[in-house]
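Quick one: the structure is below, and I'll ask about it shortly.
All of the numbers you see were taken from the coordinates with simple rules; none came from a lab. Just so we're clear, the structure is a prediction, and the values are computed from it rather than from any experiment. Cβ placement follows ideal geometry from the backbone for every residue including glycine, while neighbour counts extend to all protein chains displayed.
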Amino acid sequence: MAVDKKILDLKQRREKVYNGGGMKAIEKQKAMGKMTARERIIALLDADSFYEYDIFVEHSGTEFGMQNKELPGDGVIIGTGSICGNPVAVFAQDFTVAGGSLGLMHARKIAKIMDYALNMRMPLIGINDSGGARIQEGVNALAGYGEIFFRNTLSSGVIPQISVILGPCAGGAVYSPALTDFVFVVDKISKMFITGPEVIKTVLGEEISMEELGGARVHCEQTGNAHFFAETEEECFRQIRQLISTIPQNNTQPAERTNPEEPLTKKYNIGKIVPADPAQPYDVRDIIRSVTDGSEFVEVMELFAANIVVGFGRVNGETVGFVANQPLVMAGVLDCDSSDKAARFIRFCDAFNVPIVTIEDLPGYLPGVDQEHAGVIRHGAKLLYAYSEATVPKITVILRKAYGGGYIAMNSRHLRADFVFAWPQAEIAVMGPEGAANVIFRKEIMEAENPEAMRQTKIQEYKDKFANPYVAAAKGYIDAVIEPTETRKCLIHALQVAQHKTVLRPEKKHGIPPF
Ligand code: HXC
């Protein structure tokens, strides 16, 4: 065959694979409001940056009529490309080909791109749209998942791993995402479950729709399995691009530095955000935006455990992870879910050398039977563990309340914060003045002629003594009492000073965090 003909043959072979499961299946995909796997990759990556591999891989199924079936690319596209100039590795499952189900060769393709990502230290983005293990391939499909889970674990803390759920994902198709760092979902399109509605109906007799069982909102608001919610696939890809350009590309390189930008101080005036009355709420995200470059903030898990806010912003050009109590929701208390959310975020920051800024204003841990029985002891302990374990620069700013376990847990000096700043209105104590007075002056209050008047006197006494930052400052537990308007300046200085922070910890294989 002449070279020209061979090139034409190559083009025809490629074209056949590009058609995926064929026009009918593609139309079905579109009718569900979904892009095709190939369109998704194009929308995600920089223009013309995608290079595809293993396009001619064929499936190896031999049972249940599989030997006569053609499955172009075995239902998955793999390759490398870039996002804002940063190299990334990508796979996208093609639901038009056998429902994106995972057979042995499909799994091998994913494993290959995962190996590239790890060896070349670039982020991995997996676009999942799959019915899970290919039933006709039996144990070979399960083996494929095992190989993927192992690689997910090997890559954890070395390269950022991002999962995008863009279809009904069942079984193994959701366990791999659960092992990754950030899961993105799209309203009405994403579904995640271990067993679908049919199995639930058969086994338990319970009826539930796919959306109610494992839709995007369910996983963002209730289960915490997903971290970013989008209305459309296009918005989802924009979110991923923003995240990738904010975080480090691996655990040895810092995130790209950008030109420092001043915050939008007219919109986010740090001196005016926090009400003087400690019982009044405010949106702590305004505080974060009042100190970040251009007031930009990439919030992670916005819809889950909203009593704590976590996410990334830049301060003087450097990427920083923020962990902040949210007085707007349940007064910013710590509970099981918010502890889990913050602890995992802290461990990501620590693994990827992102300094952590903690913004504190909380009355403590949420009391109650529900919380106790839900295991608030072990969940809350995760936060203590994560902060104590982290060796990145750790800076705390106490805005108002820092009571009890909350004071210790929110990156206190005692868990090895490098810098602790407090505003003049900060109150650092074992508990709020009302509760404290009721406990330690109970006898005097009960025996007083006018118990209520005595209670108020004792509350005031306690406030005068402890509801300020100066007792902690006198012991060196906080480093400086600062004016609110000095906050950004102090953060910039602390981050500069801590640039080469080095701490040595005892050698060990690994710790055992509370589960
Ligand atoms: C083989 C599959 C498949 C699978 C879907 N298909 N899932 N083929 N193995 N796991 C095929 C269908 O037969 C169909 O083929 C095509 O994909 C599209 O599927 P539909 O059912 O028509 O689509 P839809 O109605 O949108 O429903 C999607 C779905 C459903 C919810 C994902 O297909 C489903 O419930 N699939 C099975 C899910 C499941 O139980 N997976 C096994 C998980 S166990 P045709 O030829 O008709 O177009 C697992 C083990 C790993 O993953 C565990 C690790 C810990």
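Report, in debye and to the nearest 20, how large the dipole of region 448-515 comes out about its Cα centre when Lys and Arg carry +1 and Asp and Glu carry -1 on their Cβ.
The dipole of region 448-515 has a size of about 500 debye.
Still on this structure, please answer the following. Go through region 31-112 and name the chymotrypsin sites (Phe, Trp or Tyr not before Pro) that are in a DSSP coil and have 16 or fewer other Cβ atoms within 10 Å of their Cβ.
Within region 31-112, the qualifying chymotrypsin sites (Phe, Trp or Tyr not before Pro) (loop, at most 16 other Cβ atoms within 10 Å) are 56, 64.
Considering Cα pairs under 8 angstrom that are at least six residues apart, work out the relative contact order of the chain and quote it in whole percent.
On the way: 1050 pairs, mean separation 41.1, N = 515.
That works out to 8 percent.
For region 230-277, what are Rg and Dmax over the alpha carbons, in angstrom?
16.6, 45
Give me the percent relative contact order of region 3-244, please, defined on Cα pairs under 8 angstrom at least 6 residues apart.
Working: 481 pairs, mean separation 35.8, N = 242.
Relative contact order of region 3-244: 15 percent.
Only four residue types carry charge here, +1 at the Cβ of Lys and Arg and -1 at the Cβ of Asp and Glu. Report the dipole size of the chain about the Cα centre in Debye, rounded to the nearest 20.
About 1080 debye.
From the phi angles alone, apply the Karplus equation (6.51, -1.76, 1.60; θ = phi - 60°) to region 49-57 and give each ³J(HN,Hα) in whole Hz, x where the residue is Gly or Pro.
Those phi angles translate into 9, 8, 10, 9, 10, 6, 5, 9, 5 Hz.
Moving on to the next point. Filter 16/69; 28/109; 28/188; 443/475 down to the pairs with a C-alpha to C-alpha distance above 20 Å, please.
28/109; 443/475
Let me ask another. Taking θ = phi - 60°, what integer Hz values does the Karplus form 6.51 cos²θ - 1.76 cosθ + 1.60 yield along region 207-213, in sequence order, with x for Gly and Pro?
10, 7, 7, 4, 5, 5, 6
Starting from the 7 Å offset along Cα-to-Cβ, what nm value, one decimal, do you get for the label separation of residue 446 and residue 1?
9.5
Here is a follow-up. Given 0.36 nm per residue, what is the gain on full extension from residue 222 to residue 373 after removing their alpha carbon distance, in nm? Please list the in-between numbers first.
Numbers: separation 151, 0.36 × 151 = 54.36 nm, distance 1.79 nm.
Stretched fully, the residue 222-residue 373 segment lengthens by 52.6 nm.
From largest to smallest, what semi-axes in whole angstrom does region 3-244 give when each is the square root of 5 times an eigenvalue of its alpha carbon gyration tensor?
Details: eigenvalues 135, 101, 63 Å².
They are 26, 22, 18 Å, listed from largest to smallest.
Need the list of aspartates and glutamates near residue 458 for cross-linking: C-alpha distance under 18 angstrom, and skip anything on the same chain fewer than eight residues off.
427, 434, 444, 447, 449
Let me ask something additional. What is the local net charge at residue 261, summed over the other residues whose Cβ is closer than 11 Å to its Cβ (Lys, Arg +1; Asp, Glu -1)? Could you put the intermediate results ahead of the total?
Working: positive: 314; negative: 262, 293, 296.
Local net charge: -2.
Can you find, among 510, 33, 312, the residue farthest towards the positive end of the dipole of the chain? Put +1 on the C-beta of Lys and Arg, -1 on that of Asp and Glu.
Sorting the options by dipole projection puts first 510.
Kindly express, to the nearest 10 degrees and within the range 0 to 90, the angle between helix 487-497's C-alpha long axis and the longest C-alpha principal axis of the chain.
Tilt relative to the chain: about 70 degrees.
For region 261-270, take each phi angle, set θ = phi - 60°, evaluate the Karplus expression 6.51 cos²θ - 1.76 cosθ + 1.60, and give the result in whole Hz per residue in order, putting x for glycine and proline.
Computed from phi, the couplings for region 261-270 are 9, 6, x, 7, 5, 5, 7, 10, 8, 4 Hz.
Just flag the GluC sites (Glu not before Pro) in region 187-230 sitting in loop per DSSP whose Cβ has no more than 14 other Cβ atoms within 10 Å.
206, 207
In what sequence, highest mean first, do 254-261, 505-512, 69-76, 454-461 appear when ranked by Cβ atoms within 10 angstrom?
69-76, 454-461, 254-261, 505-512
Over the Cα atoms of the chain, how large are the radius of gyration and the largest Cα-Cα distance (Dmax), in Å?
In Å, with Rg to one decimal and Dmax whole: 26.4, 109.
Let me ask you something else. Please list, ordered by chain and number, the residues whose modelled amide H lies under 5 Å from the amide H of residue 482; skip anything fewer than 5 residues away on the same chain.
Amide H neighbours of residue 482, under 5 Å, 5+ apart: 422, 423.
Right, here's the next one. Check cross-link reach from residue 341 to the lysines: straight Cα distance under 22 Å, and skip same-chain residues fewer than eight apart.
List returned: 191, 382, 394, 401.
Sort the following peptides by mean Cβ neighbour count (other Cβ atoms within 10 Å, averaged over residues), highest first: 404-410, 498-504.
Result, highest mean Cβ count within 10 Å first: 404-410, 498-504.
If neighbour count is taken as other Cβ atoms inside 10 Å, put 104, 334 in order from fewest to most.
The fewest-first ordering by Cβ neighbours comes to 104, 334.
By how many degrees, 0 to 90 and rounded to 10, does the Cα axis of helix 3-18 deviate from the longest principal axis of the chain?
Approximately 50 degrees, to the nearest 10.
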